[in-house]
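See below for the structure under consideration.
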Amino acid sequence: MSPNPNLQRLHDAGVSIWLDTLSRDLLQGGEFQELIDEYSVTGATSNPTIFAKALSGSDLYDDQIRAVASSGVRDTQELFFALALDDIREASRLLQPTYDRTAGHDGLISFECTPDLADDTDGTLAQAADLWKRLDRPNVMIKVPGTRAGLPAIEQLTRSGVNINITLLFSIERYEQVIDAYLRGLTARLQDGQPIDHITSVASFFLSRIDTKVDGQLPKDSPLRGRVAVASARVAYQRFLSKFSGTAWEELRAKGAKLQLPLWASTGTKNEAYSDTLYVAELVGPDVVNTMPEHTLKAFADHGEVARTLDADPDEAAATLAAAKDAGIDLTAVTDELEREGVKSFCASYDELSERIESKLSAVAVGASSSDG
């Protein structure tokens, strides 16, 4: 079956289409492969929230939980890694042909450091290096939050040759700091005499949460409602174009360096008054990734329209942010708050995940006892 025409056009416009979910049901049932073949999906992301949903909605993990637990492992984090890393490896296997075809520019799957380390540089470095070693797949990325503590970790991990997906980015200023950390890491690695041509990175800019927060501070009739997130992404894209140009970048590129692509995350529309393809259709342009929940992906497949919107009018995007400031929106305060809320939300999801693993452990133990009896 041929790819969906709307999504194929989106892909041809330069947008890498990634799925913002992953589960064993999706992988083993063949739907993930179907999304690759028919929906132009070329990558995927995962996080504790996604895995908690996958675990609670399926019994496909029960046998593995029982086997791992019977080997003496009772630590919930280690159980989580045992389960989730298998899913990541399988997804990476299915995406390997895309990775090979694009010479490592696409076909990637991301796995996140645990959110309790968001403000712990050393802890992030240790866990990310361990996860990278355990996964041992070239098309895997380790997700590191773009917090202040994450910046030195991003630089050091890049220097160590680890593929990094920087997550939880909301502010343009922090996004620029993330790019700089990546470039410093590449430069240091070259100075160490190490190759850089295999390193891939993306920077995940979260969108719908910005509009939700900003809209709550605007009058109901404000023309700025639902426009600030897209404007922020478009301004960020201009910074991306600027940072990845000039003599220093060209020297890195000549050594095989890859662009750190901007990734549009949180692209499911939260306000029903807005188009269900808003954060896809308004951000179409070359050298970007859009990671979509499945319902957004299928909405775009059904009625999405493709036009080069991302950099069609950079001045208009800057003017929108200036108008928001004039309207009393302190975007720095908004994005700082969103970063803290994002970390808190992921920590809550991780706690919930741990509880569900404990619950599954109890359930499979009861089942085993019953069968023994």
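If Lys and Arg each add +1 and Asp and Glu each add -1, what is the summed charge of the other residues whose beta carbon sits under 14 Å from the beta carbon of Ile50? Display every interim value, and only then the final one.
On the way: positive: Arg24, Lys53, Lys143, Arg356; negative: Asp20, Asp25, Asp87, Glu112, Glu294, Glu352.
With Lys, Arg at +1 and Asp, Glu at -1, the net is -2.
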Quiz item: Roughly how much of Ser362 is accessible, in Å² to the nearest 10, using a 1.4 Å probe?
Solution: 70
Practice problem: Tabulate in residue order the Karplus-calculated ³J(HN,Hα) for the stretch 275-290, using 6.51 cos²θ - 1.76 cosθ + 1.60 with θ = phi - 60°, rounded to whole Hz; enter x for Gly and Pro. | Solution: 4, 6, 10, 3, 7, 10, 5, 8, 9, 9, x, x, 6, 9, 10, 10
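Send over the semi-axes of the stretch 180-281's equivalent ellipsoid, whole angstrom and largest first, taken as the square roots of 5 times the C-alpha gyration tensor eigenvalues.
Details: eigenvalues 266, 31, 21 Å².
Over the Cα atoms of the stretch 180-281, the semi-axes work out to 36, 12, 10 Å.
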Quiz item: What does the convex hull of the alpha-carbon atoms of the stretch 151-190 project to on average, in nm²?
Solution: 2.5
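Could you grab the Rg to Rh ratio for the stretch 273-373? Cα atoms only, Kirkwood for Rh. Each step should come with its number before you reach the end.
Values: Rg = 22.3 Å, Rh = 18.3 Å.
Using only Cα positions, Rg/Rh for the stretch 273-373 is 1.22.
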Quiz item: P(r) of the stretch 1-57 in 5 Å steps, Cα pairs, percent per bin?
Solution: 4, 19, 26, 20, 15, 10, 5, 0
Quiz prompt | Equivalent ellipsoid dimensions for the chain as semi-axes, Å, which come from the Cα gyration tensor, largest first | solution = 33, 25, 22
Self-check item: At 0.692 mPa s and 37 °C, Stokes diffusion of the stretch 90-208 via Kirkwood alpha-carbon radius, µm² per second
Solution: 229
Self-check item: Sorted peptide list for 52-61, 258-267, criterion being average Cβ within 10 angstrom, highest first
Solution: 258-267, 52-61
Quiz item: Can you work out D for the stretch 164-218 in µm² s⁻¹ from Stokes-Einstein, where Rh is the Kirkwood radius over C-alpha pairs, the temperature is 20 °C and the viscosity is 1.002 mPa s?
Solution: 164
Exercise. List the DSSP H helices in the chain whose Cα atoms stretch 27 Å or more along the helix axis and whose mean Kyte-Doolittle hydropathy is at least 0.5.
Key: none
Self-check item: the stretch 63-143: proportion of alpha-carbon pairs further apart than 21 angstrom, %
Solution: 38
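At 222 nm, what helix-only mean residue ellipticity would the chain give, in deg cm²/dmol to the nearest 500, using -39500 (n - 2.57) for each DSSP H run of four or more?
Working: 16 runs with 211 residues, N = 373.
Calculated from helices alone, the mean residue ellipticity at 222 nm is -18000 deg cm²/dmol.
Past 22 Å, Cα to Cα, is the threshold; run Lys213/Lys270; Lys133/Lys243; Lys53/Lys143; Lys143/Lys298; Lys270/Lys298; Lys143/Lys270 against it and keep the listed order. Write down the numbers at each step before the final one.
Values: Lys213/Lys270 11 Å; Lys133/Lys243 30 Å; Lys53/Lys143 19 Å; Lys143/Lys298 25 Å; Lys270/Lys298 16 Å; Lys143/Lys270 24 Å.
Too far apart for the 22 Å limit: Lys133/Lys243; Lys143/Lys298; Lys143/Lys270.
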Self-check item: Met141 long-range amide H proximity, modeled H, under 5 Å
Solution: Ile109, Ser110, Phe111
Exercise. For the stretch 211-258, state what percent of all Cα-Cα pairs lands in each successive 5 Å bin, counting from 0 Å until the bin that includes the largest distance.
Key: 5, 19, 17, 12, 11, 9, 8, 8, 7, 4, 1
Self-check item: Amide proton proximity set for Ser16, modelled H, under 5 Å, gap of 5+
Solution: Val288, Val289, Asn290
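The values are calculated or read from the model by the stated rules, or taken from the named source; none is laboratory data. A quick note: this is a predicted structure, and the numbers were derived from the prediction, not measured. Counting neighbours? That spans all protein chains shown, and the Cβs are built from the backbone with ideal geometry, glycine included. The accessibility values were calculated without ligands, DNA or RNA, using every heavy atom of the protein model including side chains. Shrake-Rupley method; radii C 1.70, N 1.55, O 1.52, S 1.80 Å.
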